[in-house]
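Beneath this line is the structure, given in structure tokens, with notes to follow.
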Amino acid sequence: MPPRPEREERMKRNGYISWDEYFMGVSLLAAERSKDPNTQVGACIVDENERIISTGYNGFPYGCSDDEFPWDRAGDTAGKTKYPYVVHAELNAILNAGGRRLAGSRIYVDLFPCNECAKAIIQSGIREVIYLSDKYAETEMTKISRRMLTAAGVKLTQLQPTRDAIVLNFKKGL
């Protein structure tokens, strides 16, 4: 009887993405649903077991047609701009959670939260905000947001990804 071949060593795949990159990728993918012509933001809320609770993106509330409300950034009245109508990604993700417990969770968002979203994050019990961009860091409202989040003990982490892109290929495996 010939000797049994030795078992092939099986190693796990290298180059897989981290949990942080995965969840930020989900938030970036959610942002692709936004119809806002200028700013697309996505959010992903994750529990302590690395399970996605909810996602959201910036857009109009249910029942408010994307074709009937303005997408403009400026107008002669507030009602002719998008700002009073758009629900931000963070608030959408909180509302989309459908009443599920968010205390102790993390929220991944590609843009640092505004002061209004900061209030919702704090009230919902989210313990950490992981964000990519803080391009409005020097604005008064972002400073207010950071002050509230910090005062409430919400951890703020700017993600430093190890890669420039995550590529999705719909034809992979076909």
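The values are calculated or read from the model by the stated rules, or taken from the named source; none is laboratory data. Because the structure is predicted, anything quoted here is derived from the model rather than measured. Using ideal geometry, Cβ is built from the backbone for each residue, glycine included, and neighbour counts are taken over all protein chains shown. Just so you know, the surface numbers come from the protein's heavy atoms only, side chains and all, with ligands and any DNA or RNA stripped out. Shrake-Rupley method; radii C 1.70, N 1.55, O 1.52, S 1.80 Å.
Pick from the range 78-87 the residues that are part of a loop (DSSP other than H, G, I, E, B) and open to solvent by 50 Å² or more (accessible area, probe 1.4 Å): which of them is nearest to PRO113 (Cα to Cα)? Before the answer, list the steps.
Residues of the range 78-87 that are part of a loop (DSSP other than H, G, I, E, B), as a first pass: 81-86.
Still in the list and also open to solvent by 50 Å² or more (accessible area, probe 1.4 Å): 83-85.
Values: TYR83: 15, PRO84: 17, TYR85: 17 Å.
Ranking the candidates gives TYR83 first.
Go through the range 1-24 and report how many residues are closer than 21 Å to ARG127 by Cβ and either open to solvent by less than 100 Å² (accessible area, probe 1.4 Å) or at pLDDT below 95 (or both).
Pass one, the range 1-24, residues closer than 21 Å to ARG127 by Cβ: 18-24.
With either open to solvent by less than 100 Å² (accessible area, probe 1.4 Å) or at pLDDT below 95 (or both) added as a condition, the list becomes 18, 20-24.
So the count comes out to 6.
Restricting attention to the range 137-165, which residues are closer than 19 Å to ALA43 by Cα, open to solvent by 60 Å² or more (accessible area, probe 1.4 Å) and in contact with a Leu (Cβ under 8 Å, 6 or more places away or on another chain)?
Within the range 137-165, ARG146, GLN158, PRO161 qualify.
State all residues of the range 22-58 that are closer than 24 Å to ARG100 by Cα and either without any contact (Cβ under 8 Å) to a residue 24 or more places away in the chain or part of a helix (DSSP H, G or I) (or both); if no residue qualifies, say none.
First, pick out the residues of the range 22-58 that are closer than 24 Å to ARG100 by Cα: 22-31, 33-34, 41-58.
Listed by number, the residues that qualify are TYR22, PHE23, MET24, GLY25, VAL26, SER27, LEU28, LEU29, ALA30, ALA31, ASN49, ARG51.
Determine whether the range 64-77 contains at least one residue that is outside any loop (DSSP other than H, G, I, E, B), surrounded by 11 or more Cβ atoms within 10 Å (Cβ to Cβ) and either in contact with a strand residue (DSSP E or B) (Cβ under 9 Å, 6 or more places away or on another chain) or not aromatic (Phe, Trp, Tyr) (or both). Reasoning before the result, please.
Step one: list which residues in the range 64-77 are outside any loop (DSSP other than H, G, I, E, B), which gives none.
Scanning the range 64-77, I find no residue that is outside any loop (DSSP other than H, G, I, E, B), surrounded by 11 or more Cβ atoms within 10 Å (Cβ to Cβ) and either in contact with a strand residue (DSSP E or B) (Cβ under 9 Å, 6 or more places away or on another chain) or not aromatic (Phe, Trp, Tyr) (or both), so the answer is no.
Can you confirm whether GLU128 is touching a Pro at 6+ places or on another chain (Cβ under 9 Å) and among the acidic types (Asp, Glu)?
On the way: touching a Pro at 6+ places or on another chain (Cβ under 9 Å): no; among the acidic types (Asp, Glu): yes.
The answer is no for GLU128.
Which one of these is under 13 Å from the mean Cα position of the chain (by Cα), closer than 23 Å to SER34 by Cα, open to solvent by less than 50 Å² (accessible area, probe 1.4 Å) and in contact (Cβ under 8 Å) with a residue 24 or more places away in the chain: LEU111, LEU91? Steps first, please.
Values: LEU91 fails: open to solvent by less than 50 Å² (accessible area, probe 1.4 Å).
LEU111 is the lone residue from the list that is under 13 Å from the mean Cα position of the chain (by Cα), closer than 23 Å to SER34 by Cα, open to solvent by less than 50 Å² (accessible area, probe 1.4 Å) and in contact (Cβ under 8 Å) with a residue 24 or more places away in the chain.
Scan the range 120-174 for residues that are in contact (Cβ under 8 Å) with a residue 24 or more places away in the chain and assigned to a helix (DSSP H, G or I) and report the count.
Number of matching residues: 11.
Consider ALA103 carefully, then state whether it is loosely packed, with under 12 Cβ neighbours inside 10 Å, among the hydrophobic types (A, V, I, L, M, F, W, C), in a loop (DSSP other than H, G, I, E, B) and in contact with a Gly (Cβ under 8 Å, 6 or more places away or on another chain). Lay out the reasoning, then the answer.
On the way: loosely packed, with under 12 Cβ neighbours inside 10 Å: yes; among the hydrophobic types (A, V, I, L, M, F, W, C): yes; in a loop (DSSP other than H, G, I, E, B): yes; in contact with a Gly (Cβ under 8 Å, 6 or more places away or on another chain): yes.
So ALA103 fits the description; yes.
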